[in-house]
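Asks: Have a look at the structure that comes next, please.
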Amino acid sequence: MSAGGGTKAIVAALVANLGIATTKFVAFLLTRSSSMLAESIHSLADSGNQALLLVGGKRAQREATPEHPFGFGRERYVYAFLVSIVLFTVGGAFALYEGIHKIQEPHAIDEWKWVPITVLIAAIGMESFSFRTAIVESNHVRGDASWVEFVRHAKAPELPVVLLEDLAALVGLVLALFGVGMTLITDDGIWDGIGTVSIGVLLIVVALILAVETKSLLLGEAASDEALARIQAALEAEPAVERIIHMKTLHLGPEELLVAAKIAVRDTATGADIARAIDSAERRIREAEPTARVIYLEPDIYLAPAP
């Protein structure tokens with residue numbers, strides 16, 4: 001996986017979530033707090049999600065085969081989409097179910113009252129470290145884009161997924177802290193259930209955002225406006241190319257771009273002239289946009305549209 005895939009951020013999130021999940025589950029066993037159980041399942045689901053992202057990045061590096069001639073780069077999108085499904089079902093749906101059950105049958109926290117607060121504060125510290133790592137890694141590739149633009153338009157899905165997961169985890173911990181804290185203050189377990197339901201709603205919203213964004217990548221997105229401009233400039237700089245009649249691009253993976261264009265050449269050009277022009281144009285494109293791995297250029301004679 002390339003730097004754009006954010007392997008460091010994924011590993012940091014995986015280590016943090018495994019540790020957090022263990023401490024949260026111990027706290028649940030001691031206190032029977034539904035917020036702690038929901039947060040335990042949330043961290044466990046996040047750990048599974050990070051493992052999925054690492055597997056997807058590894059499988060995407062396989063060489064092309066006759067059955068898959070364009071390689072397996074888009075497998076990273078498949079695994080990112082699976083993350084949204086896991087987050088929705090395992091994290092969000094379970095938290096909603098558990099929270100509603102706790103509201104219907106509330107139970108106060110009678111023993112080990114200091115444990116959930118201590119665990120949640122420690123978890124906020126560990127999750128903040130993971131979130132900071134994801135932010136630092138994202139800043140290496142984000143450029144001048146806003147955070148919303150980065151999440152919406154990033155072609156490598158791993159960093160946006162980890163960012164949203166870590167953000168949801170931090171907000172979820174605050175909601176759990178609120179639910180547990182109010183339960184301890186009021187001695188009314190219904191607050192624990194409210195905190196759990198809030199966590200469930202949060203995770204479902206984040207899962208839906210991830211599903212929408214990764215679905216777009218799965219369907220196939222064109223190159224960014226900046227990459228399109230570089231490719232167009234490279235083609236137009238080729239002396240033998242009179243104009244670009246039309247051009248289409250498609251991401252075969254985060255760092256693999258297919259470029260297909262119909263280019264106008266002089267009607268007096270010989271076959272050898274056209275072949276040399278296409279070879280030269282391909283070199284120019286690859287120099288201008290290294291992600292352009294597969295290039296198809298079709299020569300044609302441009303006919304101006306009738307008035």
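Asks: Only bridges whose two residues both fall in the chain count here: according to DSSP, what percent of them are antiparallel, nearest 5?
Replies: The answer is about 55 percent antiparallel.
Asks: How large is the Kirkwood hydrodynamic radius of region 225-300, counting all unique pairs of alpha carbons, in Å?
Replies: Details: mean 1/r = 0.0812 Å⁻¹.
After inverting the pairwise mean of 1/r, the radius is 12.3 Å.
Asks: Which residue fluctuates most in the GNM of the chain (Cα springs below 10 Å): Thr186, Thr214, Thr196?
Replies: Top of the fluctuation ranking is Thr186.
Asks: If you compute Rg and Dmax of the Cα atoms in Å for the structure shown, which of [x] 25.4, 90; [y] 22.3, 71; [z] 19.2, 58 do you land on?
Replies: Here the calculated entry is [x].
Asks: What ³J(HN,Hα) values, in whole Hz, does the Karplus curve 6.51 cos²θ - 1.76 cosθ + 1.60 give for region 117-132 when θ = phi - 60°, with x put for Gly and Pro?
Replies: Whole-Hz 3J(HN,Hα) from phi for region 117-132: 5, 4, 5, 5, 5, 5, 5, 4, x, 5, 5, 5, 4, 4, 5, 4.
Asks: Amide H to amide H, which residues 5 or more places from Leu257 or on other chains are under 5 Å from it, using H placed in the peptide plane?
Replies: Those lying under 5 Å, H to H, from Leu257 are Leu252, Ala292, Arg293, Val294.
Asks: Another question, then. Can you work out the Karplus-derived ³J(HN,Hα) for every residue in region 94-104? Use 6.51 cos²θ - 1.76 cosθ + 1.60 with θ = phi - 60°, whole Hz, and x for glycine or proline.
Replies: Couplings: 5, 4, 4, 4, 5, x, 4, 4, 5, 5, 5 Hz.
Asks: Shifting gears a bit: 5 Å is the cut-off here: which amide hydrogens, built 1.01 Å from N in the peptide plane, fall below it relative to Ile245, excluding neighbours closer than 5 in sequence?
Replies: Those lying under 5 Å, H to H, from Ile245 are Lys262, Ile263, Ala264.
Asks: Using 0.36 nm times the number of residues separating Ala93 and Gln61, minus their current alpha carbon distance, what extension gain do you get?
Replies: Working: separation 32, 0.36 × 32 = 11.52 nm, distance 3.32 nm.
Gain on stretching Ala93 to Gln61: 8.2 nm.
Asks: What percent does the relative contact order of region 3-219 come to when contacts are Cα pairs within less than 8 Å and at least six residues apart? Working shown, then result.
Replies: Details: 344 pairs, mean separation 72.2, N = 217.
This gives 33 percent for region 3-219.
Asks: Separate question: What residue among Val259, Val161, Val180 shows peak mean-square fluctuation when the chain is described by a Gaussian network model with Cα springs under 10 Å?
Replies: Fluctuation is largest for Val259.
Asks: A further question follows. Could you derive backbone 3J(HN,Hα) for region 182-190 from the dihedral phi with the Karplus parameters 6.51, -1.76 and 1.60 (θ = phi - 60°), listing whole Hz in sequence and x where the residue is Gly or Pro?
Replies: 5, 5, 5, 6, 8, 6, 10, x, 5
Asks: Across the chain, where is the longest run that never hits GluC sites (Glu not before Pro) in a DSSP loop with at most 11 other C-beta atoms within 10 Å?
Replies: The segment 112-307 is the longest one with no such site.
Asks: Among the listed pairs Lys24/Lys113; Lys155/Lys262; Lys215/Lys248, which are separated by more than 18 Å between their Cα atoms?
Replies: Lys155/Lys262; Lys215/Lys248
Asks: Can I ask one more? When the label point is put 7 Å from the Cα of Gln104 along its Cα-to-beta-carbon vector, which residues of region 37-64 have a backbone N closer than 20 Å?
Replies: Hits in region 37-64 for Gln104 at 20 Å: 37-39.
Asks: For the chain, set up a GNM with springs between Cα atoms under 10 Å and report which of Ala80, Ala169, Ala237 has the largest fluctuation.
Replies: Among Ala80, Ala169, Ala237, the largest GNM mean-square fluctuation belongs to Ala237.
Asks: Same structure again: Can you give me the Rg/Rh ratio for region 78-129, using Cα atoms for both radii and the Kirkwood formula for Rh? Provide the component values of the computation, followed by the final result.
Replies: On the way: Rg = 15.3 Å, Rh = 13.7 Å.
Rg/Rh: 1.12.
All of the numbers you see were taken from the coordinates with simple rules; none came from a lab. The shown structure was predicted, so the numbers you read here are calculated from the model rather than taken from an experiment. Backbone-built Cβ (ideal geometry, glycine too); neighbour counts: all protein chains shown.
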